[in-house]
């Protein structure tokens, strides 16, 4: 089959590679119908991250299932499926608690999985999915060609934008400032509108993206940046809320400082600004209609929050205290780097 490989900055080639094969029982082979380039793919392309040797790329794709292993129960041959930007089983303790990006049995496209087989990159004709039941989400029916690009957004970008809004505690009647007008930023505008925000301020300097933001639900546009853009959010004091959903809208441009300044100058902030919003499972966000379980933004996001138009997370007020977080070793790690069970670990 044909697939893309990156050899060096600015050097991406379409090459012949071996066809994938089923090997572990719970895997599936998906024929890719559509894939796209993520902003994170541009990091090695621009030389921001090193490329030490040629390797497969791509992690956002949708397609049709051609083969399934004997242990696959939920996904069937012929299903049109959406894949997230990582592989996960959705059964380990991290997945169950909403941190499927830290799946104890999962991995990343274009690399060896934890069972010793290869998970193909998403920019190729075929992809072996190690955990078919956990990673793939099947649509109710076969979509027409016009719908495919929209479904492709659920593999990564829409779930990320939705998670940013949920993490900031966006809800009915709130005022939201979204810094960044890239794909994630625009999806955060769309998500904030779906979550019921009354006023959505999009900080954007590009006319075409400003038009999209207004179409997606933005009520105000602020084109200035830095000190010039700071005074504008003061007008938000007249409005309820003051939430700040900060996203990394333009790859390589960190908007956290601008977001926090805007929120502080408008009288305070709720929620949090994250360097890289983590998504539980973007496809599950939109298509699965099971009721969310657990607490916190990611737990609410995990099973269909956006599909039902709900999913507001409790917002952190005042000082945000560090919490223990699960990691691949299965133990909590506090901010000081010590495991939660270590003697003398700092209290949260």
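Report the label-to-label distance for residue 42 and residue 111 in nanometres (one decimal), using points 7 Å from each Cα along the Cα→Cβ vector.
Between residue 42 and residue 111, the simple spin-label model gives 2.3 nm.
Please find the FRET efficiency linking residue 224 to residue 16, where r is the Cβ-Cβ separation and R0 is fixed at 56 Å, and quote it to the nearest 0.05.
On the way: r = 50 Å, r/R0 = 0.89.
Using R0 = 56 Å, I get an efficiency of 0.65.
If packing is taken as the average number of other Cβ atoms within 10 Å across a peptide's residues, how do 163-169, 110-116 rank, most packed first?
Working: 163-169: 30.1, 110-116: 15.3.
Descending packing order for the listed peptides: 163-169, 110-116.
Whole number please: convex hull volume per residue, Cα atoms of the range 2-155, in Å³. Could the numbers behind the result be given before it?
Numbers: hull volume 18.0 nm³, N = 154.
Dividing the Cα hull volume of the range 2-155 by its residue count gives 117 Å³.
I'd like the distance separating the alpha-carbon centroids of the range 78-119 and the range 152-203, in whole Å.
25 Å
Given contacts defined as C-alpha pairs under 8 Å and at least six residues apart, what's the relative contact order of the range 2-155, whole-number percent? Walk me through the intermediate numbers first.
Details: 377 pairs, mean separation 44.4, N = 154.
Rounded, it is 29 percent for the range 2-155.
Given labels modelled 7 Å from the Cα in the Cβ direction, how far is it in nm from residue 2 to residue 141?
The two pseudo-label positions are separated by 3.3 nm.
Rule-based calculations on the coordinates, nothing more; no lab input. Quick caveat, the model's predicted, so the values are computed rather than measured. Glycine also receives a Cβ, built like all others from the backbone with ideal geometry; neighbour counts cover every protein chain displayed.
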